[in-house]
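The values are calculated or read from the model by the stated rules, or taken from the named source; none is laboratory data. Only a predicted model underlies this, so the values are computations on that prediction, with no experimental measurement involved. FYI the Cβ positions are ideal-geometry reconstructions off the backbone, even for glycines, and counts take in every protein chain you see.
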Amino acid sequence: MTMLGLGFVYKSFINYYWSFYTNPVMGAFLRKYNAQAKHDAFDIKDPKRDYFYIDTSEYMNYSNKSLGDHYHVSHGPQPEGEAADSSYLIEVDKFLRGEPNHLKEHPKFLNYPYEFMDKSFPTADAVREMMSKKE
């Protein structure tokens, strides 16, 4: 008990001693921001955290009919991700297996015109030919 008592007295003495140095700084800090102090935590508004707002006005405002033929795969409140793209992913799977599919007719299919360029690492013969070519 003596050790605990001495520890408390020692701690109290150190806090009392250092309060002379820190009191003016802490007092100035608290006076400076006194107008921004709030007693209720719900009164604090931080504009940097406004992006956390989630609009729940349309929450679960759908039915099995509006989800389409694959509504049974969506167990969350809003169909998104794999549940919303399941019909497209089925067509892609059929395409990759070489089965008959309707991938190009699917509304989510994007037909970008592109030109294939071979960007593979050149062979030693191709490098030799390019380096020794005379123009």
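The table that follows gives values for the structure above.
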read-out	value
Selection status of Glu129, surrounded by 11 or more Cβ atoms within 10 Å (Cβ to Cβ), among the acidic types (Asp, Glu) and at pLDDT 85 or above	yes
Total residues in the range 34-52, condition at pLDDT 85 or above and either assigned to a loop (DSSP other than H, G, I, E, B) or touching a Ser or Thr at 6+ places or on another chain (Cβ under 6 Å) (or both)	4
Selection count where residues are surrounded by 10 or more Cβ atoms within 10 Å (Cβ to Cβ) and part of a loop (DSSP other than H, G, I, E, B), scope the range 89-118	6
